[in-house]
Amino acid sequence: MVEEQLAGRGIRDARVLWALGRVPREQFVAPTHPERAYDDGALPIACGQTISQPYMVARMTELLAVDNADRVLEIGTGSGYQAAVLAQLAAHVYTIERHEPLLIEATARFAALGLTNITSQLGDGTLGWPAEAPFDAIMVTAGAPRVPTALPAQLADGGRLVIPVGAAHEQTLVVVRRHGDTFAHEQSLPCRFVKLRGAAGWPEHD
Ligand code: SAH
């Protein structure tokens, strides 16, 4: 997976490749199809959600430019795979999920893998995690109609936010960088994520 799907397709950051090589993806996919764990695509998980394609996990992690002293916020825990990758690279990862069954399973995986630098919480991530802010990096792993205002505001000076923004079925990865009170926006690659639902996202129900 690391050689063919990631390095072979332009993921250059050696720390990111190392991190993805360390996390056993088969432990994060549904036990009904372990043979698909290293497929080149997203896979279904419980609650109608998905575990992202390995390439997208790597690309977003690379764009986040995580340092080993960083405190990172992830929104959309899902299977917990992306949080486990970030936990290899950061000092601490905070992750928020709105579906309790997913959060319970993910938390059990973190414990089984001995990942003690992840703190997870049930809630609406469109509001960020004010009690633990500011963060050096924030990654949103669900598609938003627009950048929720709370998120750039919870970045530390020099902090980065990576978030898919756009329509329900197709988004663009947006990188926001904070310098003092200035926020620079940059558009990266097209992507397709499940909906970010909540106060500053899509409606809770269709
Ligand atoms: N990072 C995950 C991908 C999960 S898919 C992984 O590695 O497996 C996106 C997740 O975002 C879903 O689990 C969905 O329930 C969650 N989500 C959507 N809106 C949310 C919100 N407002 N707050 C927290 N989680 C949210």
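The values are calculated or read from the model by the stated rules, or taken from the named source; none is laboratory data. Values in this document were obtained by computation on a predicted structure and should not be read as measured data. No Cβ is skipped: glycine too gets one built from the backbone with ideal geometry, and neighbour counts run over all protein chains shown.
For every residue, the table says whether it meets (1) surrounded by fewer than 13 Cβ atoms within 10 Å (Cβ to Cβ); (2) part of a loop (DSSP other than H, G, I, E, B); (3) of a type in the set (Phe, Trp, Tyr).
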site	(1), (2), (3)
152	no, no, no
160	no, no, no
165	no, no, no
174	no, no, no
190	yes, no, no
200	no, yes, no
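Output the residue which, of all residues in segment 159-175 that are away from the ligand (no atom under 16 Å from the Cβ) and in contact with a Lys or Arg (Cβ under 7 Å, 6 or more places away or on another chain), is farthest from residue 51 (Cα to Cα).
159
Any residue at all in segment 112-126 that's of a type in the set (Asp, Glu), closer than 23 Å to residue 26 by Cα and touching a residue at least 12 places away in the same chain (Cβ under 8 Å)?
No, the conditions are met nowhere in segment 112-126.
Can you tell me which residue is surrounded by the fewest Cβ atoms within 10 Å (Cβ to Cβ) among those in segment 134-150 that are in contact with a Ser or Thr (Cβ under 9 Å, 6 or more places away or on another chain) and either at pLDDT below 95 or farther than 18 Å from residue 58 by Cβ (or both)?
Once the filter is applied, the top-ranked residue is 150.
For the list (1) touching a residue at least 60 places away in the same chain (Cβ under 8 Å); (2) at negative phi, I need the number of the one condition that residue 78 fails.
If we test residue 78 against (1) touching a residue at least 60 places away in the same chain (Cβ under 8 Å); (2) at negative phi, just (2) comes out false.
Which condition does residue 51 not pass, out of (1) in contact (Cβ under 8 Å) with a residue 40 or more places away in the chain; (2) under 21 Å from residue 1 (Cβ atoms); (3) within 11 Å of the ligand (Cβ to nearest atom), if it passes all the others?
(1)
Out of segment 178-201, which residues are near the ligand (Cβ under 8 Å from one of its atoms) and free of Cβ contacts under 8 Å to residues at least 60 places away in the same chain?
Within segment 178-201, just 195 meets the criteria.
Would you be able to say whether some residue in segment 3-26 is in contact (Cβ under 8 Å) with a residue 24 or more places away in the chain, of a type outside the set (Phe, Trp, Tyr), more than 30 Å from residue 158 (Cβ to Cβ) and within 12 Å of the ligand (Cβ to nearest atom)?
Within segment 3-26, one or more residues are in contact (Cβ under 8 Å) with a residue 24 or more places away in the chain, of a type outside the set (Phe, Trp, Tyr), more than 30 Å from residue 158 (Cβ to Cβ) and within 12 Å of the ligand (Cβ to nearest atom).
What number goes with the only condition from (1) within 21 Å of residue 158 (Cα to Cα); (2) within 12 Å of the ligand (Cβ to nearest atom) that residue 137 does not pass?
Every condition holds for residue 137 apart from (2).
Which residues, counting only those in segment 181-206, are out of contact with any strand residue (DSSP E or B) (no Cβ under 6 Å at 6 or more places or on another chain) and either aromatic (Phe, Trp, Tyr) or farther than 14 Å from residue 98 by Cβ (or both)?
181, 182, 192, 206
Restricting the search to segment 68-120, which residues are more than 8 Å from the ligand (Cβ to nearest atom), surrounded by 19 or more Cβ atoms within 10 Å (Cβ to Cβ) and among the acidic types (Asp, Glu)?
Once the filter is applied, which keeps residues that are more than 8 Å from the ligand (Cβ to nearest atom), surrounded by 19 or more Cβ atoms within 10 Å (Cβ to Cβ) and among the acidic types (Asp, Glu), segment 68-120 yields 70, 105.
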